[in-house]
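Q: First, the structure itself, so that you have it in front of you.
The values are calculated or read from the model by the stated rules, or taken from the named source; none is laboratory data. This is a predicted model, so every value here is computed, not measured. Don't worry about glycine lacking a Cβ; one is built from the backbone with ideal geometry, like all the others, and counts go over all protein chains shown. Just so you know, the surface numbers come from the protein's heavy atoms only, side chains and all, with ligands and any DNA or RNA stripped out. Shrake-Rupley method; radii C 1.70, N 1.55, O 1.52, S 1.80 Å.
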Amino acid sequence: MNEIIGYVFIGIGLAFDFFGCLGLLRFPDLYNRLHSSIKCVTLGTSSILFGLFLYKGISATGIKALLCIVFLVLTAPVSAHVLARSAHKSGVKLWEKSVCDKYSEDENALS
Amino acid sequence: MRRLRWFLGLIALGVSFALVFFYPLPSLLSWQSDFLKHAFFILIISASFSLWRILRGPTAADRAVALDILGILIIGFCAILGIPTGRDWYIDIGIAWALQSFISILTLGKYLEGRRFDE
Amino acid sequence: MKVKIIIFILAFLLWLLLSWSVDPVHLFLGVLIAVLVCFVTADIFLESPQVFKKPSRYLWFVYYIILFAWECFKANLDGAWRVIHPDLPINPGIVKVKTQLKSEVGLTFLANSLTLKPGTMTVDIDKENGFLYIHWSDVKAQDVEKATELIVRKFERVLMRIFP
């Protein structure tokens, strides 16, 4: 029974991974791509690891899979944050139909 | 025009999924189930999308974003490979890859921002 | 000294979970590495160790994890819907919101959970004034108060009690 629930979780994770990488192709600028794909890929890979935990039960591999979920959820948003800030500071523009950009206004006011 | 392109893309995705699911895949290892064999190929398609973005990205920051996504996908590869082969050390590779990919992305961000490495 | 003991216990617990065996060799190596880690990194972590004693924080933390998982699931459904829609229904922009959290750990948790919430992604933090710059994929309000009311409130109410 646990194996079947694990397979269901792995299937959900694969679907979210696929949609995240499709967003990497379809969106028009860097921030939207990062925005859609980091969410989908983080939860998709966490779901695959949780399926591995349900498949293996409480053993060495299962506990390692849970720890890997904790590392992933703590580190993936930080890397997205670092990439968005450094891309904005290195001069990548937003999409031309964007509504507002308060960050560059404040940077111009400060400097 | 955009809807036509979207429709063509959807048809191409359906055809590629059908090819992956009904093609008699070679059994490289002694796989325990067909589901994992096909799941592996869905992950390979996702990784090829990411590789396409690395190839075609207009700026260096786009390539860094795609590299980050590829690094998270590889953890999924390691987790799935651990089930049919029965080897427990694949998840160790996954944990080590998670931490190392995080540190390399931090270094890339600092480089793109134009700061020195000891700031 | 208190900080070092707490870090030693956390590092040794992490070692026990990762190695998952009670060999004397593994235990000895774990104690050695945990002592090394707690002497190297004691002054980086943990500014205020006395708040570890309050038991109500842990209950609020469990509630926060449940809320976070539900928001994360909604965010994924939202992202998948935006990807497969033919017209790409996005309306992006970077807005500025204000927060009342002061401690570094609280700000880090707030920024991370805003990144995994539906529709928002943190770009930069101004720590002195308490401003967060947020990339919003569907901008509904541009001024600071309304955006704060729409984005930050739900998580800030819980996080104020965990990290005072």
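Q: Of the numbered conditions (1) within 25 Å of C:Ile84 (Cα to Cα); (2) surrounded by fewer than 19 Cβ atoms within 10 Å (Cβ to Cβ); (3) among the basic types (Lys, Arg), B:Lys110 fails exactly one; give the number of that condition.
A: Every condition holds for B:Lys110 apart from (1).
Q: Is it true that A:Asp29 is closer than 20 Å to B:Ala47 by Cα and touching a residue at least 60 places away in the same chain (Cβ under 8 Å)?
A: Considered against the rule, which asks whether it is closer than 20 Å to B:Ala47 by Cα and touching a residue at least 60 places away in the same chain (Cβ under 8 Å), A:Asp29 comes out as yes.
Q: For the subset of the stretch C:90-119 comprising residues that are open to solvent by 50 Å² or more (accessible area, probe 1.4 Å) and assigned to a loop (DSSP other than H, G, I, E, B), which member is farthest from A:Val78 (Cα to Cα)?
A: The qualifying residue farthest from A:Val78 (Cα to Cα) is C:Gln100.
Q: Separate question: Does A:Val78 satisfy being in contact with a Cys (Cβ under 9 Å, 6 or more places away or on another chain) and either part of a helix (DSSP H, G or I) or at the interface with chain C (Cβ under 10 Å from one of its Cβ atoms) (or both)?
A: no
Q: Also, quick follow-up: Does any residue in the stretch C:54-68 that is within 12 Å of C:Leu159 (Cβ to Cβ) and at pLDDT below 90 come within less than 9 Å, Cβ to Cβ, of a residue that is open to solvent by 100 Å² or more (accessible area, probe 1.4 Å) and assigned to a helix (DSSP H, G or I) six or more places away or on a different chain, and which pairs are these?
A: As it stands, the answer is C:Arg57/C:Arg161; C:Trp60/C:Arg161, since those pairs meet every condition given.
Q: If A:Val78 satisfies every condition in (1) of a type in the set (A, V, I, L, M, F, W, C); (2) under 28 Å from A:Lys97 (Cα atoms); (3) more than 11 Å from the chain's Cα centre (by Cα); (4) open to solvent by 10 Å² or more (accessible area, probe 1.4 Å) but one, which is the exception?
A: Of (1) of a type in the set (A, V, I, L, M, F, W, C); (2) under 28 Å from A:Lys97 (Cα atoms); (3) more than 11 Å from the chain's Cα centre (by Cα); (4) open to solvent by 10 Å² or more (accessible area, probe 1.4 Å), only one is false for A:Val78: (3).
Q: Inspect all residues belonging to the stretch C:144-164 and state whether any of them is over 30 Å from B:Gly9 (Cβ atoms), part of a loop (DSSP other than H, G, I, E, B) and either open to solvent by 80 Å² or more (accessible area, probe 1.4 Å) or of a type in the set (S, T, N, Q) (or both).
A: yes
Q: Are any residues in the stretch C:1-48 closer than 20 Å to A:Lys64 by Cα, touching a Ser or Thr at 6+ places or on another chain (Cβ under 8 Å) and more than 14 Å from chain A (Cβ to nearest Cβ), and if so, which ones?
A: Answer for the stretch C:1-48, where residues must be closer than 20 Å to A:Lys64 by Cα, touching a Ser or Thr at 6+ places or on another chain (Cβ under 8 Å) and more than 14 Å from chain A (Cβ to nearest Cβ): just C:Gly30.
Q: Based on this model, can you work out whether B:Ser16 counts as at pLDDT 85 or above and loosely packed, with under 14 Cβ neighbours inside 10 Å?
A: No: the conditions fail for B:Ser16.
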